[in-house]
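Before any comments, here is the structure.
The values are calculated or read from the model by the stated rules, or taken from the named source; none is laboratory data. All values reported here derive from a predicted model rather than from experimental measurement. Methodologically, a virtual Cβ is constructed for each residue, glycine included, from the backbone with ideal geometry; neighbour enumeration extends over all protein chains shown. These area figures cover heavy atoms from the full protein model, side chains too; ligands, DNA and RNA do not enter into them. Shrake-Rupley method; radii C 1.70, N 1.55, O 1.52, S 1.80 Å.
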Amino acid sequence: MKLSRLINLGLGATLTFLVINAIVSYRNMVQLYENERWVSHTHQVLAELKETLSTLKDAETGQRGYLLTNNALYLEPYEAALTRINQQVNTLRQLTSDNPRQQQRIQTLDRSITTKLADLQRTISLKRTQGADAALQAVKTTRGKQIMDDLRRQVAEMEAEENQLLQQRSRVSRSSLGFTLLTFTLANVTGLLFLGLVYHLIQRNNLQRQRESEKQQQLLIQVTTSEELFRQLTETIQEVFWISEPTMGDVLYVSPAYETVWGRSREELSQNFLSWSQAIHPDDRERVGQAYLENALKGTYDEEYRIYRPDGTVRWIRDRGFPVQKEGVVVRITGIAEDITDRKASEAEIRQLNQTLEQRVKERTAQLLAANQQLQDVNDELGAFTYSVSHDLRAPLRTMQGFAQALLEDYSDRLDDAGKEYMGYVIESAVQMDSLITDLLAYSRLSRTQIELQPVDLNEVVTEALRQLKAQNQAGHVEIRVETPLPIVMAQRPILLQVLTNLLSNAVKFVPPSKPPIVQVWAEVGEPLPATQGATPNVATVRLSVSDNGIGIAPEHQDRIFRVFERLHGIEVYPGTGVGLAIVRKGVERMGGRSGVKSQVGQGSQFWIELLKTTN
Amino acid sequence: MQETILLVEDNPRDVILIQRAFRRAEITVPIQVVTDGDAAVAYLSGQEPYNNRVDHPLPELVLLDLKLPRRSGAEVLTWLRQQPVIKRLPVVVLTASREYADLNQVYDLGVNAYMVKPVAFDDLVEIVKTLNLHWLIFNEKPQLGSA
């Protein structure tokens, strides 16, 4: 049962109770009142009876008094009583008018009272007329007393009746009161209970209402949020959202973006849903219509077509549709239409570029091939040049040297000292030039040679270099200490040999004449190489050092000396071509390593090369 | 057979110097000189004007320069190593170039030794002495003309 009905019922019940309670209480009250009235009435009767008796007694007392004293003063109460007694009897008659028994008794009483009074009067009259003794005689007859006793008896009877009545009524009154209280309490308690129940029900109802209200509130919020989301979605996204009817294609909803993309108002569309398709390019219209009919329900509707804006511009549209199913039936088609004009333009551009790309690639390749060919040609020329230098430059030198020497030897008697000296210079120059050519060729070869690094045993190469030096008479009185064993490095043997030969030759050469040269050769772990082209990062290296106790090199020259043709001394001081260290640097570089020098003037030099360690 | 050296060299000054070096080294072996590749081939094959083997005997050793007119040293060598009779003739290339292209190519063609002509005359004398000792004195000469 609905709470509100319950509440209403409850309230009704409570009301009824209250009304019943009121009525009952009222009646009880009335009853009580009546009862009380009768009780007080009875009290009144009793009081009156007493008064009546009292009056009679007063009368008797008066009579007796007079009889005794003969003072008329004592007759005052008797006189008063006479007057009063009738009143009192009437009052009694009135008061007990409802009680027939009492009425009868009052009649009897009245007669008795009359008798009594008559008696008293007789006695009094006797007194007056016959004197006190006659009166006393009358009194002694006890008639008076008998009547009085009778009176007393009657009154007592009446009193008893009235008392009975009183008791009765009091009892009734009490029980009536009790009843009243009971019903009153009961009704009130029940009423309160009902009230309590109703209150409870009302609370429940309120709670329910509250909950419902909250739920509604939530729903409202949800709906509002939903709506807001929807609105935000459709108002900001540039693609056109649409919902249409599945069979005829009536557009039920279109998002605001329609106005931007189609250039038409939504209102116009809602009035005439055909304006959507009217905007489509005539060439595409049929295809699109067909596609929609065939595919929309299946969910495969995906068409690209052109539309005309009212201002005449053409836009490419990609239109897709998705069926909305309810219980297996398609009730709506939702869709999205994007403006893909830019994308189409890009695609066209890309296609164009692709077409020209092929062409350009061909052109570029041809260019590269030509450039490559050119480089190849240059390289070949260089090779030819070197070859020719090797052969042709040397020949005149041989002639110069050979014949100068021949002159010196064969015609020494005809040459004076100066002449001999001059020839000497010629010979020296030829030899010098030969060294130069050799070194230059070596340097040039270094740049062009294919490098294939192999593991090379340093011990062996150093030994070979030393042997070559000795053969050339260069390592005469030199102490060369090699710290064996030396490690294996990745190198190209001939180049490494050349490098070492040059280093050792320098070490031996550049000493002051006073000092016997001491050369030390040792190897240690080198700085890992940073990532450079062709070398993997942090490759371990071996640093080979050749140190001497020679003349040393000032810091400002320490970089120069590695360049081609750089010498720090004249030819006559220390022989050399100025290419030796350039060969060292270039050779080591081509083998993937680095070279350098640590030196101080007068303190000797430590030349070092770092080569790649073997990987195992 | 009398010992003869065939020197194939186009540069006349080099010829003079080489001869001088031989004299300095006190080597008395006669030296026949041809100055171009074709002449070398003609000499070795006994063609005119070298058909007189008394005046122009077959040599024990050929000193071959590589850069020659008419036919290069490499070509001469190629030709020689194809000759059925004289293909085993010892050939020492004596040239200015130390270029690897020359060196390896020539070894592939079957040269017996490769020496570089030094600029310093004294070095030339040393080489000549060594050539004499090695090729003419100590070396076991191959048989020519047999299988």
Exercise. Quick one: what pairs do we get from the stretch B:111-129, first residue in contact (Cβ under 8 Å) with a residue 60 or more places away in the chain and at the interface with another protein chain (Cβ under 10 Å from one of its Cβ atoms), second among the polar types (S, T, N, Q) and in a helix (DSSP H, G or I), C-beta under 8 Å, 6+ apart or different chains?
Worked result: B:121/A:401; B:121/A:405
Seminar exercise, completed: Taking the stretch A:439-468 and keeping residues within 12 Å of residue A:501 (Cβ to Cβ) and open to solvent by less than 60 Å² (accessible area, probe 1.4 Å) leaves A:439, A:442, A:461, A:462, A:464, A:465, A:466, A:468
For this session: Can you confirm whether the stretch A:541-559 contains a residue that is β-branched (Val, Ile, Thr), in contact (Cβ under 8 Å) with a residue 24 or more places away in the chain and farther than 27 Å from residue A:447 by Cβ?
Result: yes
Seminar exercise, completed: Within the stretch B:4-17, restricting to residues that are out of contact with any helix residue (DSSP H, G or I) (no Cβ under 7 Å at 6 or more places or on another chain), facing chain A (nearest Cβ under 10 Å) and of a type outside the set (Asp, Glu), the one that is surrounded by the fewest Cβ atoms within 10 Å (Cβ to Cβ) is B:12
For this session: Would you mind stating whether residue B:58 is under 14 Å from the mean Cα position of the chain (by Cα), more than 14 Å from chain A (Cβ to nearest Cβ) and open to solvent by less than 10 Å² (accessible area, probe 1.4 Å)?
Result: no
Problem set entry | Test result for residue A:357, assigned to a helix (DSSP H, G or I), open to solvent by 100 Å² or more (accessible area, probe 1.4 Å) and without any contact (Cβ under 8 Å) to a residue 60 or more places away in the chain | no
For this session: Kindly list, by first and then second residue, each pair from a residue in the stretch A:592-616 that is farther than 12 Å from residue A:527 by Cα to a residue that is open to solvent by 90 Å² or more (accessible area, probe 1.4 Å), limited to pairs with Cβ atoms under 6 Å and residues at least 6 apart or on different chains.
Result: A:606/A:598
Exercise. Do we have any residue at all in the stretch A:273-288 that's closer than 18 Å to residue A:254 by Cβ, open to solvent by less than 60 Å² (accessible area, probe 1.4 Å) and out of contact with any helix residue (DSSP H, G or I) (no Cβ under 8 Å at 6 or more places or on another chain)?
Worked result: no
Exercise. Over 33 Å from the mean Cα position of the chain (by Cα) and within 19 Å of residue A:320 (Cβ to Cβ) - does that describe any residue in the stretch A:196-210?
Worked result: no
Exercise. Take the residues of the stretch B:18-37 that are open to solvent by 60 Å² or more (accessible area, probe 1.4 Å) and under 25 Å from residue A:395 (Cα atoms): which is nearest to the other protein chains (Cβ to nearest Cβ)?
Worked result: B:24
Exercise. Only one of these conditions is not met by residue B:52: (1) free of Cβ contacts under 8 Å to residues at least 60 places away in the same chain; (2) open to solvent by less than 50 Å² (accessible area, probe 1.4 Å). Which number is it?
Worked result: (2)
Exercise. Is it fair to say residue A:83 is of a type in the set (Val, Ile, Thr), under 60 Å from the mean Cα position of the chain (by Cα) and either open to solvent by 60 Å² or more (accessible area, probe 1.4 Å) or over 30 Å from residue A:208 (Cβ atoms) (or both)?
Worked result: no
For this session: Could you check residue B:83 against (1) away from chain A (no Cβ under 13 Å); (2) crowded, with 17+ Cβ neighbours inside 10 Å and say which number it fails?
Result: (2)
For this session: Just one of (1) at pLDDT 85 or above; (2) out of contact with any helix residue (DSSP H, G or I) (no Cβ under 8 Å at 6 or more places or on another chain); (3) farther than 27 Å from residue B:9 by Cβ; (4) within 14 Å of chain B (Cβ to nearest Cβ) trips up residue A:374, so point out which.
Result: (4)
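Every residue, every condition in (1) within 14 Å of chain B (Cβ to nearest Cβ); (2) surrounded by 10 or more Cβ atoms within 10 Å (Cβ to Cβ); (3) part of a loop (DSSP other than H, G, I, E, B); (4) in contact with a Ser or Thr (Cβ under 8 Å, 6 or more places away or on another chain), yes or no:
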site	(1), (2), (3), (4)
A:318	no, yes, no, no
A:322	no, yes, no, yes
A:333	no, yes, no, yes
A:348	no, yes, no, no
A:366	no, yes, no, no
A:403	yes, yes, no, no
Problem set entry | Residues that are in contact with a Ser or Thr (Cβ under 6 Å, 6 or more places away or on another chain) and within 11 Å of chain A (Cβ to nearest Cβ), drawn from the stretch B:97-110 | B:97, B:99
For this session: Inspect the stretch A:509-527 for any residue being modelled with pLDDT under 90, open to solvent by less than 60 Å² (accessible area, probe 1.4 Å) and farther than 22 Å from residue A:583 by Cβ and give the result as yes or no.
Result: yes
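Yes/no per residue for (1) among the hydrophobic types (A, V, I, L, M, F, W, C); (2) part of a helix (DSSP H, G or I); (3) open to solvent by 70 Å² or more (accessible area, probe 1.4 Å); (4) within 30 Å of residue A:170 (Cα to Cα):
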residue	(1), (2), (3), (4)
A:36	no, yes, yes, yes
A:52	no, yes, no, yes
A:59	yes, yes, no, no
A:108	no, yes, no, yes
A:117	yes, yes, no, no
A:125	no, yes, no, no
A:129	no, yes, yes, no
Exercise. Which of the residues spanning the stretch A:584-596 are under 30 Å from residue A:512 (Cα atoms) and open to solvent by 20 Å² or more (accessible area, probe 1.4 Å)?
Worked result: A:585, A:586, A:594
Problem set entry | Selected residue (criterion: farthest from the chain's Cα centre (by Cα)) from residues of the stretch B:87-104 that are farther than 15 Å from residue A:386 by Cβ and surrounded by fewer than 17 Cβ atoms within 10 Å (Cβ to Cβ) | B:104
Exercise. Residue A:249 passes all but one of (1) free of Cβ contacts under 8 Å to residues at least 24 places away in the same chain; (2) within 30 Å of residue A:339 (Cβ to Cβ); which number fails?
Worked result: (1)
Problem set entry | Single residue of the stretch A:214-258 satisfying the filter (of a type in the set (Gly, Ala, Ser) and closer than 23 Å to residue A:272 by Cα) that is surrounded by the most Cβ atoms within 10 Å (Cβ to Cβ) | A:255
For this session: Spot the failing condition for residue A:396; the list is (1) surrounded by fewer than 15 Cβ atoms within 10 Å (Cβ to Cβ); (2) within 11 Å of another protein chain (Cβ to nearest Cβ); (3) at pLDDT below 85; (4) more than 30 Å from residue A:485 (Cβ to Cβ), and only one is missed.
Result: (3)
Seminar exercise, completed: Filter the stretch A:417-433 for residues that are within 9 Å of chain B (Cβ to nearest Cβ) and open to solvent by 30 Å² or more (accessible area, probe 1.4 Å); the one that is nearest to residue A:563 (Cα to Cα) is A:433
